[in-house]
Amino acid sequence: MSKKIAIIGGGNLGSAIAEGLLKSKFAKATDITITKRNVSTLKHLEAKGIKVIADNAAAVSNSELIILAVKPFQIKDVLTGLKKVITEKHILVSVITGISISDIEETVKKKVAIFRAMPNTAIAIQESITCISNKNATDTQVTYVKDLFSTVGKVVAIDEKLMDAATVLGACGTAYAMRYIRANIQGGIEIGFDAATANLIVAQTVKGAADLLLQKGTHPEQEIDKVTTPKGCTIAGLNEMEHQGFSSSLIKGIAASYDKILKG
């Protein structure tokens, strides 16, 4: 059964979620409300039929599923302002980095179903990976939230203690992948391609590589072995990348992002 959905925070992620829900037809535009102080920046969503307002309390009062998508430093004040209108009928879904379920409970001070979800910006094109954990939720509510995020990508249920790690691997990971793609495009230009052609070749190659793993369930090394021939150009390139610290730099980058989340 469809529910009225309120997205509190119309920034990049909140807007991406709204667009993803529309494209997937999980929710009708008239069932979605999104809030932001400066509503003029959300005219593109309003034009699609989504209700755009600045009043968080009004949005929550008229909805059942509440997606919290504000900045981490804003969440306590936002929830404090919503305490009077949040009831046991509501399902709270936080997509805020570094905010735990217990942080939300301490402010709301009501027994309500709380989910912590970490999607990424590919949710706007229905290709996100969303990691989910919850507390106080019924099986029906868990199924509903999983179904919601399944319409905009893939979903994996994890222990909440892994949510910060999921943020790095799944959300920050989009930026890592983009930087890898950008470097490939630069290399492609150096060996003779124009930027647009290099962009197309590289982006589709990366997409195809990812789809091989997702659809076939193979390990990356199995697919690498299919491309590397004795004394060939692929192994020569891979070995030179490793000599320059390719894998090590990626691992160190992931660890640095995780350390930043832990230390703030």
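Summary of computed values
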| read-out | value |
| --- | --- |
| Whichever residue in the stretch 1-24 is in contact with a strand residue (DSSP E or B) (Cβ under 8 Å, 6 or more places away or on another chain) and part of a helix (DSSP H, G or I) and, among such residues, is most open to solvent (accessible area, probe 1.4 Å) | Leu22 |
| First in the stretch 234-256 and closer than 16 Å to Ile181 by Cα, second anywhere and not in a helix (DSSP H, G or I), Cβ under 8 Å, 6 or more apart | Leu238/Thr228 |
| Selected residue (criterion: nearest to the chain's Cα centre (by Cα)) from residues of the stretch 159-185 that are farther than 22 Å from Gly264 by Cα and of a type in the set (Val, Ile, Thr) | Ile181 |
| Residue that is nearest to the chain's Cα centre (by Cα), among those in the stretch 66-125 that are of a type in the set (Gly, Ala, Ser) and within 16 Å of Val142 (Cβ to Cβ) | Ala117 |
| Pairs with Cβ under 9 Å, 6+ apart, first in the stretch 55-69 and within 11 Å of Lys89 (Cβ to Cβ) and touching a residue at least 60 places away in the same chain (Cβ under 8 Å), second buried (at least 17 other Cβ atoms within 10 Å of the Cβ) and of a type in the set (Phe, Trp, Tyr) | Leu65/Tyr144 |
| Qualifying residue in the stretch 89-107 (condition: in contact (Cβ under 8 Å) with a residue 60 or more places away in the chain and open to solvent by 60 Å² or more (accessible area, probe 1.4 Å)) | no |
| Selection count, the stretch 220-235, where residues are open to solvent by less than 60 Å² (accessible area, probe 1.4 Å) and either in a loop (DSSP other than H, G, I, E, B) or touching a strand residue (DSSP E or B) at 6+ places or on another chain (Cβ under 8 Å) (or both) | 2 |
| Sole residue being within 26 Å of Ser128 (Cα to Cα), among the β-branched types (Val, Ile, Thr) and open to solvent by less than 60 Å² (accessible area, probe 1.4 Å), chosen from Ile34, Ile86 | Ile34 |
| In the stretch 119-128, the residues that are open to solvent by 60 Å² or more (accessible area, probe 1.4 Å), aliphatic (A, V, I, L, M) and under 7 Å from Gly153 (Cα atoms) | none |
| One residue from Val168, Val108, Val156 being hydrophobic (A, V, I, L, M, F, W, C), at negative phi and touching a Cys at 6+ places or on another chain (Cβ under 6 Å) | Val156 |
| Hits in the stretch 183-208 - residues which are within 15 Å of Glu127 (Cα to Cα) and surrounded by 13 or more Cβ atoms within 10 Å (Cβ to Cβ) | Ala203, Val206 |
| Only one of Ser61, Ser24 that is among the small types (Gly, Ala, Ser) and within 23 Å of Ile125 (Cβ to Cβ) | Ser24 |
| Qualifying strands (runs of 3 or more DSSP E) (wholly inside the stretch 25-121; at least 1 residues being within 28 Å of Ala166 (Cα to Cα)) | 32-35, 65-68, 91-94, 113-118 |
| Single unsatisfied condition, Ala171 versus (1) part of a loop (DSSP other than H, G, I, E, B); (2) crowded, with 19+ Cβ neighbours inside 10 Å | (1) |
| Among the candidates Leu250, Leu238, Leu262, residue that is surrounded by 11 or more Cβ atoms within 10 Å (Cβ to Cβ), under 24 Å from the mean Cα position of the chain (by Cα) and not in a loop (DSSP other than H, G, I, E, B) | Leu250 |
| Leading residue by the ranking (modelled with the lowest pLDDT) among those in the stretch 1-42 that are under 20 Å from Ile96 (Cα atoms) and among the basic types (Lys, Arg) | Arg37 |
| Residues located in the stretch 104-116, provided they are closer than 10 Å to Leu92 by Cα and not aromatic (Phe, Trp, Tyr) | Ile104, Val112, Ala113, Ile114, Arg116 |
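The values are calculated or read from the model by the stated rules, or taken from the named source; none is laboratory data. Fair warning: this is a prediction, and the values are worked out from it, not measured in the lab. Neighbour counts run over all protein chains shown; Cβ positions are idealised from the backbone, glycine included. Only protein heavy atoms, including side chains, enter the accessible area calculation; ligands, DNA and RNA are left aside. Shrake-Rupley method; radii C 1.70, N 1.55, O 1.52, S 1.80 Å.
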